[in-house]
């Protein structure tokens, strides 16, 4: 028994000696590696130089105007003025056109159109450039009259301007049978009347329908003149000299 214990003790001593030797060998190796690391020279890697920093401009308050303009809590700081555009007012209605009675064209004199402002109103001769009510006569020919109003032009046919209101003739009382004949006689005499008619401007007067007096006749200080035109004879009375 004692021999076995001695053998065991020897085995343990040998094991401890081996472990001690192994530990020393590891310690020496680690010490040598650390010493070699400390003595080694590491070459630094090539590192590119950093880029230059951008130049900081001086502070300019005008560049921050958008901050004030877009401030949601202070809309009145926005310099943009919003103009409330109002729709244009409606154009005034076109006034009624004058009523035409006829047109007179003769050589050496401006064209004349006989107009009245309303049906049954006073008749007068007008030349281009004259005004009748709100209208201005711009041009006249044998078929058309051009009116001006509110910076606009209106070309109207003379036939469309003629007064076609029917004339109502009152019947005479049955008790007097001679009155219709007297009225008809007076009407025929009126149609055949001679002498100056309505004023057509330029110290001239128109001829009465059915005037049978000869050219050159002088009546009430006016002399009858008949001028041939491409549209027929034109008749008027001018002041006798």
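Brief remarks follow.
- Any chance residue 85 is in contact (Cβ under 8 Å) with a residue 24 or more places away in the chain and within 32 Å of the chain's Cα centre (by Cα): no
- Flag if residue 128 is part of a loop (DSSP other than H, G, I, E, B) and either at pLDDT 85 or above or closer than 17 Å to residue 202 by Cβ (or both): yes
- Being over 22 Å from residue 204 (Cα atoms) and at pLDDT below 90 is a description that applies to residue 62.
- Filter result for the condition that a residue is at positive phi and either out of contact with any strand residue (DSSP E or B) (no Cβ under 7 Å at 6 or more places or on another chain) or touching a residue at least 60 places away in the same chain (Cβ under 8 Å) (or both), over 129, 133, 61: 133
- Any chance residue 71 is surrounded by fewer than 10 Cβ atoms within 10 Å (Cβ to Cβ) and more than 30 Å from residue 122 (Cα to Cα): no
- Condition check for residue 92: closer than 30 Å to residue 138 by Cβ, out of contact with any strand residue (DSSP E or B) (no Cβ under 9 Å at 6 or more places or on another chain) and surrounded by 10 or more Cβ atoms within 10 Å (Cβ to Cβ): no
- Comparison of 202, 219, 211 shows that the only residue that is outside the structural domain of residue 104 (by TED's automatic domain parsing), in contact with a strand residue (DSSP E or B) (Cβ under 9 Å, 6 or more places away or on another chain), closer than 22 Å to residue 121 by Cβ and at pLDDT 50 or above is 202.
- Flag for residue 21 being outside the structural domain of residue 204 (by TED's automatic domain parsing) and closer than 30 Å to residue 236 by Cα: no
- Residue under evaluation residue 94, criteria (1) in a loop (DSSP other than H, G, I, E, B); (2) farther than 26 Å from residue 237 by Cβ; (3) without any contact (Cβ under 8 Å) to a residue 12 or more places away in the chain, criterion not met: (3)
- Within the range 232-241, considering residues that are surrounded by 12 or more Cβ atoms within 10 Å (Cβ to Cβ) and under 13 Å from residue 105 (Cα atoms), the one modelled with the lowest pLDDT: 234
The values are calculated or read from the model by the stated rules, or taken from the named source; none is laboratory data. Since the structure is predicted, the reported quantities are computational estimates derived from the model, not experimental observations. Don't worry about glycine lacking a Cβ; one is built from the backbone with ideal geometry, like all the others, and counts go over all protein chains shown.
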